[in-house]
Every structure is written in structure tokens, then in C-alpha cells.
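Every number here is computed from the coordinates shown, using simple stated rules; none is lab data. All values reported here derive from a predicted model rather than from experimental measurement. A quick note on method: Cβ atoms are made from the backbone with ideal geometry, for glycine too, and the neighbour counts reach across all protein chains shown.
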Amino acid sequence: MAYQLPPLPYDYAALEPFIDEATMKLHHDKHHATYVTNLNAAIEKHPELASKSPEDLVKNLASIPSDIQTVVRNNGGGHVNHTMFWTIMKPGGGGEPTGPIADAIAKDFGSFEDFKKLFNETTAKQFGSGWGWLVSEGGKLKVVTTPNQDNPLTQGIYPILGNDVWEHAYYLKYNNRRPEYLAAWWNTVNWDEIGKRFEQATK
Ligand code: MN
């Protein structure tokens with residue numbers, strides 16, 4: 001198999017009480033695993049692509065053969081998005097960012113609280129399934145959303161952080177209360193990893 005499900009970097013219950021164990025188990029072992037399985041099945045039809053990283057597939061979607069392009073968009077995107085998602089959370093996470101990313105957030109959004117408010121409001125409004133993102137574009141931080149498993153990489157934009165607002169990410173614990181999940185999620189974020197992604201996005 002060309003692509004593999006990365007192990008969750010912490011225990012399924014490690015993000016309790018903000019994200020429950022049952023959600024983490026389903027989300028990683030079933031949802032993410034299925035994206036990887038479907039991506040591998042598509043790549044088997046075009047083995048010349050198997051040497052490419054999942055990020056490269058998503059970045060260069062337009063060059064993917066048309067018979068598997070949609071499958072790669074949805075499942076390659078799903079694989080890339082979730083691989084990022086597990087690493088930008090950690091047990092005992094949360095708090096406020098420090099260093100260059102904190103300075104950039106203050107410069108472009110006014111304050112960390114203003115940034116969180118904008119992110120939560122924007123992402124709450126994403127209709128149906130999708131993701132909310134913090135990106136850097138033209139030297140400025142922005143909050144954007146994408147539908148489904150689309151990743152900003154396809155637009156040439158490296159995402160600094162993203163939160164999953166598919167119902168599978170929160171429905172067991174939060175039911176239809178997406179804003180409650182969005183508010184609680186900040187208690188899980190891994191600012192060290194997100195700071196590294198900020199450096200990558202802005203270099
Ligand atoms: Mn998901």
C-alpha cells in the first residue's frame with residue numbers, strides 16, 4: 001500500500017473532556033482509515049503516482065488523471081487533513097500561542113481573542129461538511145473555510161491550522177451544537193506544532 005494511516009500520537013481518551021474517546025476512536029480508526037483505503041485503491045490504477053507524498057497529490061490535483069481526480073481530491077484531502085489534525089492537538093494543549101505566530105495573530109486580527117472569535121464564527125457558518133483554516137496569504141493571516149475534504153494546498157496555500165467541522169468530528173458529544181465544539185476545541189490545540197507550521201507557511 002502506498003499510503004498508511006499514521007498512528008494517533010496520543011491515547012484515544014487523551015483529549016477528554018473536550019473531545020471524547022468514542023469520537024476519537026471512530027474518527028481515527030474508521031473515518032481517517034477509510035480515506036487512506038480509498039486513496040490507495042485509486043492509486044493502484046495509476047501506480048506511477050505512488051511515489052508522491054499525499055501533500056503533493058493534493059497540491060497538484062489538476063495533474064491527477066481524470067478517472068481518479070475526484071477520489072484523490074476527497075480521500076487524498078481527507079488523509080492530508082486528518083494527518084495534520086492529529087498533530088495540531090495534544091493532551092494538555094490550549095492556552096495562548098507565543099513567539100512569531102502570536103505576533104502575527106495580534107498584527108492581523110487585533111488580538112488572540114479576536115482571532116478565535118472570527119475563526120469560530122466563520123467556521124460555524126460553513127454549510128454542511130468542511131474545514132475551517134488559518135492560512136497565510138500574501139504575507140497576511142486569514143481565516144477561510146473549505147467544503148468537504150478540500151485543502152488550501154490545492155490553491156497553493158499552506159494551512160497553518162485547521163479544524164474539522166464534519167459532524168463525525170463532534171456529533172456524539174456535542175450533537176448539533178457545532179459552536180460549542182468549536183469553542184471547546186481550543187483547549188486541545190498544540191501551539192508548538194502550529195508555530196512550526198506557521199514558519200513553514202511564511203518562509
Ligand atoms: Mn474528520
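Hull surface divided by four, with the convex hull built on the Cα atoms of the stretch 21-87: how many nm²?
Across all orientations, the stretch 21-87 yields a mean hull projection of 4.4 nm².
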**Prompt:** For the peptides 161-167, 182-188, what is the packing order when you average, over each peptide's residues, the other Cβ atoms within 10 Å and list the highest mean first?
**Reply:** 161-167, 182-188
**Request:** Quote the charge dipole size of the stretch 1-155 about the Cα centre in Debye, to the nearest 20; the model charges only the Cβ of Lys and Arg (+1) and of Asp and Glu (-1).
**Result:** 260
**Request:** Starting from the Kirkwood radius over alpha-carbon pairs of the stretch 68-160, derive D by Stokes-Einstein at 37 °C in a medium of 0.692 mPa s and give it in µm² s⁻¹.
**Result:** 228
**Request:** Sum up the lysine pairs in the stretch 7-143 that clear both bars: alpha-carbon distance under 19 Å and a spacing of 8 or more or different chains.
**Result:** 13
**Prompt:** With +1 on each Lys and Arg Cβ and -1 on each Asp and Glu Cβ, how big is the dipole of the stretch 21-87 about its Cα centre, in debye rounded to the nearest 20?
**Reply:** 100
**Message:** Taking the Kirkwood radius as the inverse of the mean 1/r across Cα pairs, report the Rg/Rh of the stretch 100-202.
**Reply:** 0.95
**Item:** V71 versus E113: modelled label distance in nm, points set 7 Å from Cα along the beta carbon direction
**Value:** 5.0
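So what is the orientation-averaged projected area of the chain, using the convex hull of its C-alpha atoms, in nm²? List each step's numbers first, then the result.
Numbers: hull surface 43.2 nm².
Over every viewing direction, the Cα hull of the chain projects on average to 10.8 nm².
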